[in-house]
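Scroll down for the structure; my scribbles are underneath it.
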Amino acid sequence: TNLTNLTVANVIITNSLTVQNLVTTNLTINGHIVTAGKTPTITPQVAAGQGATATIEGNDTSGTITITTGTNTTTEQLANISFANPYNKAPRIVFSPASRESTKVGAYYDPTQTTNSGYSIMVDQLPQPSTTYTFIYFITQ
């Protein structure tokens, strides 16, 4: 059965509800926001140094990035993140260091270099070799 329009005053759903392409004026969530989905890909870049590693615990919407630098670190691009599923256009990213050590490198993302398929983490200060840096992110379009 297909419906063109449906108006319902109150609905109680006791199990899961899947909605695709929800359009609403206001959204009120009376609880936690729990995100899910595939994990984006992260690739260490030149600023992370030789032998650097990088992981993401999370999904395209939110998560924790962990980067352990290698040797010969430099400034500029620390890592590149590719979304598991591209957005329709470049999203907005809330990005923050998640440890005291991570604040010292001046990490940020550059919105002018963000695309619908990913973004880069940049650093203004020289990362220390063999050091672990953690960051958190929350992304919306």
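The values are calculated or read from the model by the stated rules, or taken from the named source; none is laboratory data. In this text the structure is predicted, and so the values were computed from the model without any measurement. Here the Cβ positions follow ideal geometry from the backbone for every residue, glycine too, while neighbour counts run over all protein chains shown. The area values use the complete protein model at the heavy-atom level, side chains included, leaving out ligands, DNA and RNA. Shrake-Rupley method; radii C 1.70, N 1.55, O 1.52, S 1.80 Å.
Structure notes:
- The simple Förster model, with R0 at 22 Å and r as the Cβ-Cβ distance, assigns E101 and H32 a FRET efficiency of 0.20.
- With 0.36 nm allotted per residue and the present C-alpha distance subtracted, the N116-T55 stretch has 19.9 nm of extension available.
- Student exercise, segment 9-110 dipole from Lys, Arg, Asp, Glu Cβ charges, in Debye to nearest 20: 120 debye
- Whole-Hz ³J(HN,Hα) from phi, Karplus 6.51 cos²θ - 1.76 cosθ + 1.60, for segment 4-16, glycine and proline x: 7, 9, 8, 10, 10, 6, 9, 9, 10, 10, 8, 10, 6
- Taking 7 Å steps out from each Cα toward its Cβ at T140 and T71 produces label points 4.6 nm apart.
- Estimated FRET transfer efficiency (D124, I13; beta-carbon r; R0 41 Å; 0.05): 0.30
- Accessible area ranking (1.4 Å probe, heavy atoms, ligands and nucleic acids excluded), largest first, for F95, F135: F95, F135.
- Percent accessible area from carbon and sulfur atoms, segment 48-107, protein chains only, probe 1.4 Å: 43 percent
- Selected from I65, Q45, P127, residue furthest toward positive end of dipole (the chain; charges at beta carbon): I65
- Relative contact order (%) - the chain, alpha-carbon pairs under 8 angstrom, separation at least six: 25 percent
- As a rough guide to protection, the peptides 25-32, 97-104, 51-58 ranked by mean Cβ packing within 10 Å, highest first, stand as 51-58, 97-104, 25-32.
- The chain: Rg to Rh, with Rh as the Kirkwood radius over Cα pairs: 1.11
- Relative contact order for segment 29-99, counting Cα pairs under 8 Å that sit 6 or more residues apart, in percent: 33 percent
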